[in-house]
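Here the structure is laid out as structure tokens; the discussion comes afterwards.
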DNA sequence: GCGACAG
DNA sequence: ATCTTGTCGC
């Protein structure tokens, strides 16, 4: 047997191990700076028919991630459709590098949604947009890669200084995010891609009708937690339609 | 060296 | 994010 062995008997580790070994923060930083230069900070759309909410959950051993895209009618705020996708999680959570952990299930999901013609006008992503150390949080990352308008909606601050209802950049002093409150709850809203901060805030305020998050991400979050239950009986790469009918139970 | 640190 | 026990409020 040659030094390379073969696929079946290889003891070089599986694909996830190899992805993990090839990964390093220096290259990740470089990719983020590259993509950050492509972010568009103005509205790249005119009307919103459907708004999407994107969120993820993990199996208890964290080996699998499930991404959910909830499609909501922007006028009636009724749930239209809901899709999910499952993928292995190879990269650990590292502040500032969240996208490298969550992109596999998310990109699988969005590429399928696009192929099937179910891409919404804009997507609300659970995480920051440009309010990020290298101006490319996961919301912006997804927006640029899929060339779709995105809004970053995070529950906690990652960078910047809070001044009232805004978050300003440590160095430039520019506003990088706005804090939207509803009762005791608050979220950090930032530009993801192809949307202005003012419009992003308006969209969050219009869709935040109850709970701790605006409706798109709230619905995605609920489905994501329901789908955790079937993760142990599911193959990575699976794509499907959410099968739960009750929006809020 | 010491804190801060999306999900 | 996930796990987990107890507590507060509608």
> Packing-wise, with mean Cβ within 10 Å as the measure, how do A:204-213, A:155-164 rank, highest first?
Replying inline: A:204-213, A:155-164
> Which percent, nearest 5, of DSSP beta bridges in chain A are antiparallel?
Replying inline: 85 percent
> At residue A:27 and residue A:94, where each label point lies 7 Å from the Cα along Cα→Cβ, what is the point-to-point distance in nanometres?
Replying inline: 1.1 nm
>> For a quick check: sort A:147, A:221, A:55 by the number of other beta carbons within 10 angstrom, fewest at the front.
In response: A:147, A:221, A:55
> Normalised by the number of residues in chain A, what is the relative contact order in percent for Cα pairs under 8 Å and 6+ residues apart?
Replying inline: 23 percent
>> Order these by the 10 Å Cβ neighbour count, fewest first: A:140, A:190, A:232.
In response: A:232, A:190, A:140
> How far, in nm, would the chain grow between residue A:229 and residue A:111 when pulled straight, counting 0.36 nm per residue and subtracting the alpha carbon separation?
Replying inline: 40.1 nm
>> Contact order normalised by length for the range A:186-249, with contacts defined as Cα pairs under 8 Å and 6 or more residues apart; what percent is it?
In response: 20 percent
>> Can you tell me which of A:109, A:21, A:231 moves the most in a GNM of chain A? Springs connect C-alpha atoms under 10 Å apart.
In response: A:21
>> Explain nothing, just the number: relative contact order of the range A:117-249, from Cα pairs under 8 Å at least 6 residues apart, as a whole percent.
In response: 19 percent
>> What does DSSP give for the range A:1-138 in terms of the percent of beta bridges that are antiparallel, rounded to the nearest 5?
In response: 80 percent
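No lab work stands behind these numbers, since they all come straight from the coordinates. Not measured: the values here are computed from a predicted model. Note that we place each Cβ from the backbone using ideal geometry, even for glycine, and neighbour counts take in every protein chain shown.
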